[in-house]
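Chemist: Sharing a structure with you now.
The values are calculated or read from the model by the stated rules, or taken from the named source; none is laboratory data. Fair warning: this is a prediction, and the values are worked out from it, not measured in the lab. No Cβ is skipped: glycine too gets one built from the backbone with ideal geometry, and neighbour counts run over all protein chains shown. Heads up: the accessible areas ignore ligands, DNA and RNA and are worked out on the full protein's heavy atoms, side chains in. Shrake-Rupley method; radii C 1.70, N 1.55, O 1.52, S 1.80 Å.
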Amino acid sequence: MSHDQYQTDESQGHNWRLMLGDSCERISEIEDESVDLSVYSPPFASLYTYSPSARDLGNSFDRDEFFEHFRFIIDGNLRITKPGRMACVHVQQLTTTKSTHGVIGMTDFRGQVIAAFQEAGWIYHGEVTVNKDPQAQAIRTKAQALMFQTLNRDSASSRPALADYLLVFRKPGENQVRISPSVNNEQWIEWAQPVWWNIKETDTLNVRVAREDADERHICPLQLPFIERCVRLWSNPGELVFSPFAGIGSEGYVSLQQNRRFVGIELKRSYWSTACDNLREAEGQMAMDVAA
């Protein structure tokens, strides 16, 4: 593994601040109980590796090392969150392989994330299963368990597609500022369902300009409607949204669009630079909307 030179930097604009660096360290620069909502998707252990850096959670040697690293961020996230407010965490279950694990199967990564947050002092508040297209997943991941040939040859080797999950954690204590969500009753009927059916996998920010040859796997940005629902349900306009894995700025982009403020941290410079561009774009759009 390459131990690349660690870099830090910072950029900010109207209602946003984006730090380049290791979230385990730079989260300490954010004030206690200053964040109203967190929305993010951590690296799924070693499933997605975004950089050659030893500081990248995706480069952890094993699951135990991953959670030892991740715990610094979970603890820091709790410290900076206001009492009674939420952290919305996007996860997916993980598969095992014959070559690496000795058996083809699955592991309960979702459950381990829940346990890690609870051990850190968070309250497990709720969750949503996000539906996924099995054919699109089969094409993208080449998962043999989803292939027609596997089904027709011996369905004992087939399994359903992997869903995404929204895990909602709440910081203990009483919420001091009432949240008035910009959601009507009809939307709530849809969004309160335990399964979200209509989150399009392709509804993301463009990531091509942020990719580098050193990437071992492609970045997988969080879907914009997923972020929008979290922001609109669990924060007020003008409040501060945080992401310790800002990537190309998806959470910040939506937060600004929804008239929230944003602070984020990203380890990789190419993603951080693209995120800055995306946040400036969202900032410009908001300015034009206000002028109109």
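Chemist: Computed over the Cα atoms of the chain, what is the ratio Rg over Rh, Rh following Kirkwood? Write down the numbers at each step before the final one.
Modeler: Working: Rg = 19.0 Å, Rh = 19.8 Å.
Here Rg/Rh amounts to 0.96.
Chemist: Which FRET efficiency value, to the nearest 0.05, is calculated for ASP289 and SER182 with the Förster distance at 22 angstrom and r the Cβ-Cβ distance?
Modeler: 0.90
Chemist: Quick one: which residues, 5+ away or cross-chain, put their amide H under 5 Å from the amide H of VAL130? H built at 1.01 Å from N.
Modeler: For VAL130, whose amide H was placed from the backbone, the distant partners under 5 Å are ASP164, TYR165, LEU166, TRP196.
Chemist: What residue among ARG178, ARG26, ARG79 shows peak mean-square fluctuation when the chain is described by a Gaussian network model with Cα springs under 10 Å?
Modeler: Per the Cα network of the chain with a 10 Å cutoff, ARG178 tops the list.
Chemist: A follow-up question, please. Around ASN278, with a cut-off of 12 angstrom between Cβ atoms, what is the net charge of the other residues, counting Lys and Arg +1 and Asp and Glu -1?
Modeler: Values: positive: ARG280; negative: GLU251, GLU266, ASP277, GLU281, GLU283.
Net local charge, ASN278 excluded: -4.
Chemist: Relative to the longest principal axis of the C-alpha atoms of the chain, give the angle of the C-alpha long axis of helix 269-291, reported between 0 and 90° and rounded to the nearest 10°.
Modeler: It is inclined by approximately 50 degrees.
Chemist: Just check the range 91-131 against the gyration tensor rule for me: Cα atoms, a ≥ b ≥ c as the square roots of the eigenvalues, rounded for a/c under 1.5, and otherwise prolate or oblate depending on whether a/b exceeds b/c. Write down the numbers at each step before the final one.
Modeler: Details: a/c = 5.18, a/b = 1.89, b/c = 2.73.
Judged from the Cα gyration tensor, the range 91-131 comes out oblate (a/c at least 1.5, b/c at or above a/b).
Chemist: Amide H to amide H under 5 Å from ARG85: which residues, 5+ apart in sequence or cross-chain, H placed 1.01 Å off N in plane?
Modeler: LYS171
Chemist: Report ³J(HN,Hα) in whole Hz for each residue of the range 239-252, in order, from the Karplus equation J = 6.51 cos²θ - 1.76 cosθ + 1.60 where θ = phi - 60°; Gly and Pro get x.
Modeler: Residue by residue, the range 239-252 yields 7, 9, 10, 10, 9, x, 10, 5, x, 9, x, 4, 5, x Hz.
Chemist: Through the Karplus equation 6.51 cos²θ - 1.76 cosθ + 1.60, θ set to phi - 60°, convert the phi angles of the range 9-15 into ³J(HN,Hα) values in whole Hz; use x for Gly and Pro.
Modeler: 6, 7, 9, 8, x, 6, 6
Chemist: Rounded if a/c is under 1.5, else prolate if a/b is larger than b/c, else oblate: which is the range 113-158, with a ≥ b ≥ c the root eigenvalues of its Cα gyration tensor?
Modeler: prolate
Chemist: Sorted by accessible area with a 1.4 angstrom probe, largest first, how do CYS24, CYS276 fall?
Modeler: CYS24, CYS276
Chemist: Same structure again: Report the residue, chosen from LYS98, LYS142, LYS268, that carries the largest GNM mean-square fluctuation when the chain is represented by alpha-carbon nodes joined by springs under 10 Å.
Modeler: It is LYS98.
Chemist: What list of ³J(HN,Hα) values in whole Hz, one per residue of the range 95-103 in order, does the Karplus curve 6.51 cos²θ - 1.76 cosθ + 1.60 (θ = phi - 60°) give from phi, with Gly and Pro shown as x?
Modeler: Each residue of the range 95-103 in turn: 9, 10, 10, 4, 5, 8, 10, x, 8 Hz.
Chemist: Using Cα pairs closer than 8 Å and at least 6 residues apart in sequence, work out the relative contact order for the range 116-204, in percent.
Modeler: It rounds to 41 percent for the range 116-204.
Chemist: Could you check the spin-label model distance between ILE189 and LYS98? Points 7 Å from the Cα along Cα→Cβ, value in nm.
Modeler: 5.0 nm
Chemist: With unit charges on the beta carbon (Lys/Arg positive, Asp/Glu negative), name the residue among LEU222, ASN259, SER99 whose Cα is farthest towards the positive pole of the charge dipole of the chain.
Modeler: SER99
Chemist: Same structure again: Using DSSP, restrict attention to beta bridges with both residues in the range 95-209 and report what percent are antiparallel, rounded to the nearest 5.
Modeler: 80 percent
Chemist: Top to bottom by accessible area (1.4 Å), largest first, where do ILE30, ILE139 land?
Modeler: Result of the area sort, largest leading: ILE139, ILE30.
Chemist: Where both partners of a DSSP beta bridge lie in the chain, what percent of those bridges are antiparallel, to the nearest 5?
Modeler: 55 percent
Chemist: Taking only pairs that are 8 or more places apart or on different chains, how many Lys pairs in the chain have Cα atoms under 19 angstrom apart?
Modeler: Eligible lysine pairs with Cα atoms under 19 Å apart amount to 4.
Chemist: Turning to a different aspect of this structure: For the chain, can you list the cysteines whose C-beta has no other cysteine C-beta under 4.7 Å from it?
Modeler: By the Cβ distance rule, which asks for a partner under 4.7 Å, the isolated cysteines are CYS24, CYS220, CYS276.
Chemist: Okay, moving on. Could you compute the net charge surrounding SER41? Neighbours are other residues with a C-beta less than 12 Å from the C-beta of SER41; K and R count +1, D and E count -1.
Modeler: On the way: positive: none; negative: ASP164, GLU251.
Net charge around SER41: -2.
Chemist: Something else now. Taking chymotrypsin sites (Phe, Trp or Tyr not before Pro) as candidate sites, keep only those in a DSSP loop with at most 13 other Cβ atoms within 10 Å, then name the longest stretch of the chain containing none of them.
Modeler: The longest uninterrupted stretch comes out as 62-196.
Chemist: If I model a spin label at GLN118 and GLU29 as a point 7 Å from the Cα along the Cα→Cβ vector, what separation in nanometres do I get?
Modeler: Those two pseudo-labels are separated by 3.5 nm.
Chemist: Same structure, new question: For GLU10 and ASN198 in the same chain, what is the full-extension length gain: residue separation times 0.36 nm, less their Cα-Cα distance, in nm?
Modeler: Between GLU10 and ASN198, full extension yields an extra 64.1 nm.
Chemist: With the dipole of the chain worked out from charges on the C-beta (+1 for Lys and Arg, -1 for Asp and Glu) around the Cα centre, which of LEU151, SER180, ALA136 lies farthest toward the positive end?
Modeler: Farthest along the dipole direction, towards plus: LEU151.
Chemist: What are the equivalent ellipsoid semi-axes of the range 93-184, built from the alpha-carbon gyration tensor (square roots of five times its eigenvalues), in whole angstrom, biggest first?
Modeler: Over the Cα atoms of the range 93-184, the ellipsoid semi-axes are 36, 18, 8 Å.
Chemist: Next up: Go ahead and set up a Gaussian network model of the chain, Cα springs under 10 Å, then flag whichever of GLN112, GLN193, GLN12 fluctuates most.
Modeler: GLN193
Chemist: Further question on the same structure: I need the Kirkwood Rh of the range 127-286: take the reciprocal of the average 1/r across all distinct C-alpha pairs and report it in angstrom.
Modeler: 17.9 Å
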